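The values are calculated or read from the model by the stated rules, or taken from the named source; none is laboratory data. This is a predicted model, so every value here is computed, not measured. Glycine also receives a Cβ, built like all others from the backbone with ideal geometry; neighbour counts cover every protein chain displayed. These accessible areas exclude ligands, DNA and RNA; they are computed on the full protein's heavy atoms, side chains included. Shrake-Rupley method; radii C 1.70, N 1.55, O 1.52, S 1.80 Å.
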Amino acid sequence: MVVTRRKAAALVLVAMATLGAGAAPATAGATAAVPGPGAVPGPGPGAGTAVAPEADVSHHGHVLLWGSGLGVWMRSENRGPSNLADVTVRVRTSVPLVGRQELPENCMQTGRQTVLCRTGELRADGAEEARRRQFAFELQLARKPDEVVVRIDTLWNGGATDRNLRNNDHEVLAPATGDEYVF
C-alpha cells in the first residue's frame, strides 16, 4: 500500500486532534506508519484510552513500638503536577492487631494486620495544608513482640502515574525500644 503525502498529512491531523494541541507537527518529508498486508487493525490512537494524570505522592513519618502498642505518625503529600481528588494509604503490620482499633475518622481497619487511611483531596499547588494530610494513631498488637515490621504504601491514587515510588512505599523495622523509627 502506498501512502501519499496527502494521506500522511491527514493521518498527522487526526493524530494531532486525538492527542491535543501539544502534538508535534510532522516534517515535510515524513511518512506515516501503515500496517502491512494481513495485519489485524486495532483501535486507533486515543480509542478508549485516556492519558493518566501525573502526581508525586509521598508518605513520611515515624513509628514506635513499646509493649503491645504501635504508634504511627504519618504525613501524606502531593508534589504534583496534577491535583488528586483522594489517596488511600495502606499501613500493614507483621504482627496481627488485637480486635477492632480506635482510629481517626478517615481511617479503617480492613483486616487483622491492615489499616487504610483516606487523605481526601491533595492539591499539587497552593497552601501547604492543601498539599498534605497528617495522621496519628496507636495500634494495639495481639502480643508484645520484640520487633514489628510496618509497611506503608499508596493503595490507590485515583489512577495517577507516580514515577517516584521511593517516597511512598516504605518498610520500617521497629524494635520494641520505644524509639522513633523514621520513614
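Please find, within segment 119-147, the residue that is nearest to Gln109 (Cα to Cα) out of those that are polar (S, T, N, Q) and surrounded by 14 or more Cβ atoms within 10 Å (Cβ to Cβ).
Gln140
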With of a type outside the set (Asp, Glu), more than 19 Å from the chain's Cα centre (by Cα), closer than 16 Å to Gly69 by Cβ and open to solvent by 40 Å² or more (accessible area, probe 1.4 Å) as the only criterion, which of Gln113, Gln101, Gln109 stands out? Gln113
Filter segment 123-155 for residues that are among the hydrophobic types (A, V, I, L, M, F, W, C), within 17 Å of His60 (Cα to Cα) and at pLDDT 95 or above and give the result. Phe135, Ala136, Phe137, Val149, Val150, Ile152, Leu155
In segment 148-162, residues that are closer than 12 Å to Val89 by Cβ and either open to solvent by 50 Å² or more (accessible area, probe 1.4 Å) or aromatic (Phe, Trp, Tyr) (or both) total 3
